[in-house]
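Report on the structure given below.
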Amino acid sequence: MTDHQDVPSMTVILKRRRWAGIALVLAVALIGGITTTFATRNARQAEQRYAAQLMDRYTTDLSRAITTEIQRYGDTLADVATALGAQSDLTSGDFSWITTRVSNRRLPGASSLAFVVSVPDDGVGSLQDYWRGKGATGLDLVPVGTGIEHKFVIFSRSFGGRAIDPGRDLTSLPEPAEALNDARTLGGLAVSRSFVLIADRDLPITEQQQSFVLAVPVYFQGGTFRGWLTMGVHGRDLLEQTLLTQAHGAVAATLSDPSSSSGRVVAEVGDADRGAPARLDRRTTIGAGLHTWQLRVRPTGKLLQETDRGIVGSTFVVAVLITVLAMALVGLLAFARNRAMSKVDAATAALREDIERRQEIEDRLRQREQELQRMALEDPLTGLANRAGLDARLAAVAGARTDIALLLIDLDDFKLVNDAYGHAAGDIVLTRFAEILGGTVRDSDVAARIGGDEFVVLLTDVPDAELATTTAQRILAAAGGTPVRLGDDLVAIRASIGVTTAREQDSPKELMRRADIAMYEAKHLGTHGVRVHDPSMSDQRAADAQLGEDLAHAVEQGELTVLYQPLVDLADGRPLGVEALVRWEHPYLGMVSPTRFIPIAERTGVIGAIGLAVLEEACRQVVAWGDELYASVNLSPRQLREPTLVRDVLTVLGRTGLAPARLVLEITESALVDDVEAIAMLAAFRSHGIRIAIDDFGTGYSSLHYLTRLPVDILKIDRSFVAELNGTPEGAGITEAILRLSHALHLTTVAEGIETTAQAAELQLLGCGIGQGYLFAKPLPADEALTVLAHSSPPPSSPS
């Protein structure tokens, strides 16, 4: 019985010991695992702290070195600029001698030096002649664009065989142009945004580098600004040399320019270890002029090898050996299995989290890309497509489809709106017209604003030019029927439209060219209408440019003649004065209409010389005719912007002997609207006894309230209103209103374009005292005009 009772008890004890042994093994295994984990983690953290310290030091050293290099480049440029400014008469030889001491051996990455000067449109020729005389014998200045301040390269010196061509207009390059403006504003060093240097763009794409331009202003000893000294620097060469000096291959660096449109990488040097932990990445910013660069520093395999001292592995091996000696093989295998499974789970969770994070980043980048694409293709003022958006659409359909048409729209008299009401009002007009376009064309069509007051509509599914013309006329009708309120006035929107349809193998450029020619024809007609391009049309702009060149010499060569049209007292037919009208007898083209050459003279600036020549000739002729007549001479809006005009007119009067009271200066109504300087100039004329007349009154923008503040003496009723006179109240309505206004303001009135005795009689009956027109005499040469003046016309008979 006892033996039988001990067997179960031994079994129980063996089980308890076995379980105790297992428990002991588990306990030892647990303690060994805890000890191993703790020791390994401490060793790993020590190595990571060391690696992080090295990364911090390399990042600080590299950032400081790049900043120091840029400052050293700037100091070198400043020294050279000072030396250039010290030359009282800078020549090409001076530039070469001074810059000889600058070398890219001391300035890694430097590619070239250049001396740049600025000049407006009208000074390009004289600037080119000046610097050719200073040793730049082959200098050929090629301006880009008009109406801007050009920035030309005068002298240049290359460090690598590729220099900027002298004569290049840096205004066409936004990055250098921005740096030049910053340098002049700061009065010191400025750094451009990154871009590929012009001299490098003919290299294979693999050899091109992102570069930047350093610029400093050049001042003469008296402090006068003379130009800029610029240096092109290759970003990769600079970063590579700096990294080699500071880090010896331990880190890789990426220098980027966040101020560019896409965070452009300036340079990337070194081979970063892709397996390195992300916490070792370092990012910092570097100031470069007004820009801030971003420097990213990552460890290479060399740094990781240097920081891996084997402590983690040794600690782990020792701890595992101690644990193995204290635990059974089964416990070790179980522990190893459990630990392996834990690592698999951790890795799986980390992978899932990384995937989700990458997906989130990709979604944000996609949204940002869509936003940037919209901004790049849309005009910010009107919300229409911009030129880039139009070009993209044209490139897709031009040449591939022939059922498209292009409408080029230019707003008429938009400059007058800007001058009269300000640019903010002009923006209102542009925005309103954009709304009209959007409501007039189909959703499948493209409406774009390509600059200033020019718009383009790309029509698709257009079978012929008739449908395109109908759309253009619908646009004009909608614009004309929707005036814009600017202050107290309602201003109608008028436009001229050029239309062209597509042809096979058309390019976007050719489509735009034909539409531009048609628009110019519509503009030239002055009817606010539509013109469809026809092969017989010629590009009138080239002819106008040639006519402008010929007009510049017309005064000197005596091609301009002055004709005189009498101004007659309607009561007795007695001549009171003459209006001087200029005519141009071109040596090859014959008689050129004033409506053709006067606008060209306005644009080119020759109108000033023409106006003074006509004034002097008219004054001399009226003095020769006696003491009774006065001369009426036209002034252009461009002349009113000349600050010396009053002095010039008084000089002519003194030279010819004509009394100021015998001179009337005529100015168009639109030239006076909201122009404070012009009004002040006319007031100065009146203070000297010269009378002022508003020509073509009633056709401009001025309000009646505004007229009460103008320094004028005479209103000239436009011929279009005189032509309406037919003996009825309706025909005389506008003319009668102008006469009543002039009587209320104590102004003299002159009626233009009188062709019949009935018109003259009705004008006299309405209260107009002076008239001119073909009824009395057409514009005549001086000798023929004298004959007419000597025989006064009989007064018109009163209407029955």
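Taking the range 200-228 as the search range and keeping residues that are aromatic (Phe, Trp, Tyr) and surrounded by fewer than 24 Cβ atoms within 10 Å (Cβ to Cβ), which one is farthest from the chain's Cα centre (by Cα)? Outline the logic, then answer.
Let us first name the residues in the range 200-228 that are aromatic (Phe, Trp, Tyr), namely 212, 219-220, 225, 228.
With the extra rule that they be surrounded by fewer than 24 Cβ atoms within 10 Å (Cβ to Cβ), the set shrinks to 219-220, 225.
On the way: Tyr219: 28, Phe220: 31, Phe225: 25 Å.
For the range 200-228, the residue satisfying everything is Phe220.
Does the range 599-609 contain any residue that is closer than 25 Å to Tyr774 by Cβ and either in a helix (DSSP H, G or I) or modelled with pLDDT of 90 or more (or both)?
The initial filter retains those residues of the range 599-609 that are closer than 25 Å to Tyr774 by Cβ, namely 599.
Now narrow it down to the ones that are either in a helix (DSSP H, G or I) or modelled with pLDDT of 90 or more (or both): 599.
Looking through the range 599-609, at least one residue is closer than 25 Å to Tyr774 by Cβ and either in a helix (DSSP H, G or I) or modelled with pLDDT of 90 or more (or both).
So in the range 734-760, with the set limited to residues that are open to solvent by 30 Å² or more (accessible area, probe 1.4 Å) and among the small types (Gly, Ala, Ser), which one is nearest to the chain's Cα centre (by Cα)?
So the first thing to find is which residues in the range 734-760 are open to solvent by 30 Å² or more (accessible area, probe 1.4 Å), and the list is 734, 736-737, 740-741, 743-746, 748, 755-758.
The next check asks that each one be among the small types (Gly, Ala, Ser); those that pass are 737, 744, 758.
Working: Ala737: 46, Ala744: 48, Ala758: 56 Å.
Once the filter is applied, the top-ranked residue is Ala737.
Looking at the range 151-169, can you tell me whether even one residue there is without any contact (Cβ under 8 Å) to a residue 12 or more places away in the chain and part of a helix (DSSP H, G or I)? Don't jump to the end; show me each part of the working.
Filtering the range 151-169 for residues without any contact (Cβ under 8 Å) to a residue 12 or more places away in the chain gives 161.
With the extra rule that they be part of a helix (DSSP H, G or I), the set shrinks to none.
No, that holds for no residue.
Can you tell me how many residues in the range 153-199 are open to solvent by less than 10 Å² (accessible area, probe 1.4 Å) and of a type in the set (Lys, Arg)?
0
Please specify each residue of the range 271-303 satisfying the condition of being in a helix (DSSP H, G or I) and either open to solvent by 40 Å² or more (accessible area, probe 1.4 Å) or of a type in the set (Lys, Arg) (or both). Step through it out loud before you land on a result.
Step one: filter the range 271-303 for residues in a helix (DSSP H, G or I), giving 278-280, 301-303.
Selection gives Ala278, Arg279, Lys302.
Could you list, ordered by first residue, the pairs with Cβ atoms under 9 Å in which the first is in the range 557-582 and modelled with pLDDT of 90 or more and the second is basic (Lys, Arg), at least 6 apart or interchain?
Note: pairs meeting the criteria are Leu560/Arg583; Thr561/Arg583; Val562/Arg583; Leu563/Arg583; Leu563/Lys778; Gln565/Lys778; Val568/Arg574; Gly577/Arg662.
If we scan the range 132-139, do we find a residue that is of a type in the set (Gly, Ala, Ser) and out of contact with any strand residue (DSSP E or B) (no Cβ under 9 Å at 6 or more places or on another chain)? Spell out the reasoning first.
From the range 132-139, those of a type in the set (Gly, Ala, Ser) are 133, 135-136, 138; that's our starting set.
With out of contact with any strand residue (DSSP E or B) (no Cβ under 9 Å at 6 or more places or on another chain) added as a condition, the list becomes 133, 138.
For the range 132-139, residues of a type in the set (Gly, Ala, Ser) and out of contact with any strand residue (DSSP E or B) (no Cβ under 9 Å at 6 or more places or on another chain): present.
Looking at Gln221, Gln209 in this structure, which one is among the polar types (S, T, N, Q), touching a residue at least 24 places away in the same chain (Cβ under 8 Å) and out of contact with any Lys or Arg (no Cβ under 6 Å at 6 or more places or on another chain)?
Details: Gln209 fails: out of contact with any Lys or Arg (no Cβ under 6 Å at 6 or more places or on another chain).
Just a single option satisfies the conditions, and that option is Gln221.
Report yes if Ile493 is within 24 Å of Arg432 (Cβ to Cβ) and assigned to a loop (DSSP other than H, G, I, E, B), otherwise no.
Numbers: within 24 Å of Arg432 (Cβ to Cβ): yes; assigned to a loop (DSSP other than H, G, I, E, B): yes.
Yes: the conditions hold for Ile493.
Here are some residues: Ser118, Ser92. Which one is of a type outside the set (Val, Ile, Thr), touching a Lys or Arg at 6+ places or on another chain (Cβ under 7 Å) and closer than 22 Å to Gly188 by Cβ?
Working: Ser92 fails: closer than 22 Å to Gly188 by Cβ.
On inspection, the qualifying residue turns out to be Ser118.
When the range 572-592 is examined, which residues are found to be open to solvent by less than 60 Å² (accessible area, probe 1.4 Å), part of a strand (DSSP E or B) and more than 18 Å from Glu556 (Cβ to Cβ)?
Step one: list which residues in the range 572-592 are open to solvent by less than 60 Å² (accessible area, probe 1.4 Å), which gives 573, 575-584, 586, 590, 592.
Of the ones still in play, those that are also part of a strand (DSSP E or B) are 575-584, 586, 590, 592.
Selection gives Pro575, Leu576, Gly577, Val578, Glu579, Ala580, Leu581, Gly590.
Identify, by number, the condition in (1) at pLDDT 70 or above; (2) in contact with a Leu (Cβ under 8 Å, 6 or more places away or on another chain) that Gly331 doesn't meet.
(1)
From the set of residues in the range 97-146 that are open to solvent by 60 Å² or more (accessible area, probe 1.4 Å) and of a type in the set (Ser, Thr, Tyr), which is nearest to Gln241 (Cα to Cα)?
Thr100
The values are calculated or read from the model by the stated rules, or taken from the named source; none is laboratory data. This one's a predicted model, so the numbers in the text were calculated from it and none came from an experiment. Quick reminder, even Gly has a Cβ in these numbers, built from the backbone with ideal geometry, and neighbours come from all protein chains shown. Just the protein is used for accessible areas: all its heavy atoms, side chains included, with ligands, DNA and RNA removed. Shrake-Rupley method; radii C 1.70, N 1.55, O 1.52, S 1.80 Å.
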